[in-house]
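Asks: What follows is a single structure, and I will ask about it in a moment.
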Amino acid sequence: MQLDVTSLPGDGIGPEVTSQAIRVLDGVAARFGHELSIDEKEIGGAALKQFGNPLPDSTLQACLRSKAVLLGAVGSPEFDRNSRNLRPETGLLRLRRELGAFANLRPAVLYESLANRSPLREEVVRGTDILIVRELLGGLYFGEPRSINESTGATVATNTMTYTEPEIERIARIGFQLARTRRRQLLSVDKANVLECSRLWREVVTRVGQHFPEVQLAHMYVDSAAMLLVLKPSSFDVILTENMFGDILSDQAGGVVGSLGLLASASVGGLVGLYEPVHGSAPDIAGQGVANPLGAILSVAMMLRHTFGLHKEAECVEAGVVAALKAGFRTRDLAGASERTVSTDEMGNQILQFVSDGAARD
Ligand code: IPM
Ligand code: MN
């Protein structure tokens, strides 16, 4: 198969982790006889510096021409004072919108060999296997009007949370479909005791749920869900939620399973799939070779599965990650006080070796 991928390394640790993920993708392609073609482009702060635009047209066109996009991270403190249109994050949000990627899938799985790395007790965190389905194109992130108005006395800032019925319906359908392939439990998370958007959310999700009688649907307020996520993380299967709640809960889920550096994501439902680790640009550790590339590498696995339908290949990458962790390889974020740590490259090498060394397992 021809694998046409646009790579957008972006800012901070983005370039370090995407280069490892691309090496692994290259290794899998070679092993399974696929033709990989990578088109590398700029986004975020890197694009602002070069083009004065966080999503240059050349980048967007390349993404639209390819079959899948791998993104590292965007964001850098040097642009903190920029106006919204000239911020790195605006490039990513525009890309999500232009691609129509409304469904953001964020798995958070506890790896058995990392059970002692969670800040939670092992018996609490064992068995955790959550899929967060985050609505990605609505809510506060995109609602209008939005402004910051400094002209009259006290400055006033405004954001708007809006959801339409079709927006909720399409993400709910994805959530139920995915729940059907798992343990068939869907928890819809909202704040229906306070927000109109959430009241509509609950109503529409309940209606869509009638078409999926085999899936058990429950509703929970986001504050309770946040508490339950640390009290009993293993009780969740699929969490379906709106954009901002999903952003927050997915970082929390990263902490629960031991490191945000492990989390991958797929943004699907649009023209081209967008795959990105959940962690950000981490400017504090950028360029030191200590970042965890597993979130990016696991995002490649999600790409193989969701865009290319290459399930064996995806499983091979995932098995490589499990094997490396089991063998004791730890980047700094995963290591206990007395444990040896490996660099970003060394972790990438491990997975690459595993996926390339087919002889033993074919
Ligand atoms: C994420 C990030 C982004 C988001 C930022 C960088 C715009 O935090 O993918 O979770 O808030 O969606
Ligand atoms: Mn986030």
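Taken together, the values in this text are just the output of simple stated rules run on the coordinates, not laboratory data. Keep in mind that this is a model prediction, so the values were computed, not measured. All Cβ positions, glycine included, derive from the backbone under ideal geometry; neighbour counts span all protein chains shown.
Asks: Which residue, A324, A46, G246, has the largest displacement toward the positive end of the dipole of the chain when charges sit on each Cβ (Lys, Arg +1; Asp, Glu -1)?
Replies: Value: G246.
Asks: Can you grab the distance from the C-alpha centre of segment 199-214 to the C-alpha centre of segment 291-358, Å, no decimals?
Replies: Cα centres, segment 199-214 to segment 291-358: 37 Å.
Asks: Let me ask you something else. Rounded, prolate or oblate: which fits the chain when a ≥ b ≥ c are the square roots of the eigenvalues of the alpha-carbon gyration tensor, with rounded for a/c under 1.5 and prolate only if a/b beats b/c?
Replies: rounded
Asks: Sort largest first and round to whole Å: the equivalent ellipsoid semi-axes of segment 119-256, each the square root of five times a Cα gyration tensor eigenvalue.
Replies: Values: eigenvalues 167, 82, 24 Å².
The equivalent ellipsoid of segment 119-256 has semi-axes of 29, 20, 11 Å.
Asks: Roughly what would the spin-label model give for L271 and Q50, points 7 Å off Cα along C-beta, in nm?
Replies: Here the modelled spin labels are 2.1 nm apart.
Asks: What does the extension gain come out to for S58 and N149, with contour length at 0.36 nm per residue minus their alpha carbon separation?
Replies: Result for the pair: 29.5 nm of gain on full extension.
Asks: Let me know the longest stretch in the chain that avoids all GluC sites (Glu not before Pro) found in a DSSP loop with at most 15 other C-beta atoms within 10 Å. The partial results should precede the final answer.
Replies: Numbers: sites that count: E150, E214, E339.
Segment 1-149 is the longest.
Asks: How high is the relative contact order of the chain? Use alpha-carbon pairs under 8 Å, at least six apart in sequence, and give a whole percent. Numbers along the way, then the final one.
Replies: On the way: 798 pairs, mean separation 82.1, N = 362.
It rounds to 23 percent for the chain.
Asks: Mean residue ellipticity at 222 nm from the helices of the chain, using -39,500 (n - 2.57) per DSSP H segment of n ≥ 4 over the full residue count, to the nearest 500 deg cm²/dmol?
Replies: -13000 deg cm²/dmol
Asks: Let me ask something else. Give me the extension gain from M1 to E40: residue separation times 0.36 nm, minus the current Cα-Cα distance, reported in nm with one decimal. Write out the running numbers ahead of the final one.
Replies: Details: separation 39, 0.36 × 39 = 14.04 nm, distance 2.00 nm.
Here the segment from M1 to E40 would lengthen by 12.0 nm.
Asks: Calculate the dipole size of the chain relative to its Cα centre from +1 charges on Lys and Arg beta carbons and -1 charges on Asp and Glu beta carbons; express the result in debye to the nearest 20.
Replies: Values: 36 positive and 43 negative charges, 124 e Å.
Dipole of the chain, to the nearest 20 debye: 600 debye.
Asks: Can you figure out the FRET efficiency of N159 with A218, using R₀ = 25 Å and their beta-carbon distance, to the nearest 0.05?
Replies: 0.30
Asks: Can I ask one more? How large is the dipole of segment 119-256 about the Cα centre if only Lys and Arg carry +1 and Asp and Glu carry -1, each at its Cβ, rounded to the nearest 20 debye? Mind showing how you got there, number by number?
Replies: Working: 15 positive and 18 negative charges, 98 e Å.
Magnitude of the dipole: close to 480 debye.
Asks: Rank S265, L93, L110 by how far each Cα sits towards the positive end of the charge dipole of the chain (+1 on Lys, Arg Cβ; -1 on Asp, Glu Cβ) and give me just the farthest.
Replies: L110
Asks: About its Cα centre, how strong a charge dipole does segment 279-358 have in debye, to the nearest 20, once Lys and Arg get +1 and Asp and Glu get -1 at the Cβ?
Replies: About 120 debye.
Asks: If I take R0 = 25 Å and measure r between the Cβ atoms of E98 and E169 in this structure, what FRET efficiency does the formula 1/(1 + (r/R0)^6) give, to the nearest 0.05?
Replies: Given R0 = 25 Å and the Cβ-Cβ separation, E is 0.70.
Asks: Still on this structure: Which one, T128, F176, P213, is farthest towards the positive end of the dipole of segment 119-256 when Lys and Arg carry +1 and Asp and Glu -1 on their Cβ?
Replies: Toward the positive end, the furthest listed residue is P213.
Asks: Tell me, how many Å apart are the Cα centres for segment 13-77 and for segment 154-194?
Replies: 29
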